[in-house]
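The values are calculated or read from the model by the stated rules, or taken from the named source; none is laboratory data. In this text, all values refer to a predicted model and were calculated from it rather than measured experimentally. Cβ atoms come from the backbone with ideal geometry, glycine included; neighbour counts cover every protein chain shown.
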Amino acid sequence: MTQKTWFITGASRGIGAEIAKAVLAAGDQLIATARKKTDLSQFESNPNVLTLSLDITDEAQVQAAVAAGLEHFGQIDVSSIRKQSKYLPKFLDPVGSRAYC
């Protein structure tokens, strides 16, 4: 089975955190984002995780987060967007990410 790379917004709590935990339990890679990177401390010791601070309403931050994820893992296969963002599809669609909202 091929390891996938997931991009998850709102990964610090609630359903976003639960999806993130399931991704890691499946052996996949995770780009975990939240407004405050410090809220993602539960994931920072895992080598299969890149944690990033992200305000999904800020286009430059979205572009930088997607670029950082691609640089770190080389691909983004799946995205789970917990809140609507007009910018995430703009940067995730071109890299072939399947989106789940």
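Whenever a residue of the range 18-29 is surrounded by 11 or more Cβ atoms within 10 Å (Cβ to Cβ), its partners that are assigned to a helix (DSSP H, G or I), lying with C-beta atoms within less than 6 angstrom and at least six residues away or across chains, give the pairs 29/73.
Every test in (1) over 13 Å from the mean Cα position of the chain (by Cα); (2) part of a helix (DSSP H, G or I); (3) modelled with pLDDT under 95; (4) of a type outside the set (S, T, N, Q) is passed by residue 19 save one, and that test is (1).
Restricting to the range 25-52, name every residue that is of a type in the set (D, E, K, R) and not in a loop (DSSP other than H, G, I, E, B). Correct list: 37, 39. Whether any residue in the range 53-61 is touching a residue at least 40 places away in the same chain (Cβ under 8 Å) and either assigned to a helix (DSSP H, G or I) or under 16 Å from residue 3 (Cβ atoms) (or both) is what I want to check. No: zero hits. Of all residues in the range 30-56, exactly one satisfies the criterion of being hydroxyl-bearing (Ser, Thr, Tyr), surrounded by fewer than 20 Cβ atoms within 10 Å (Cβ to Cβ) and either under 17 Å from residue 81 (Cα atoms) or within 9 Å of the chain's Cα centre (by Cα) (or both), namely 53.
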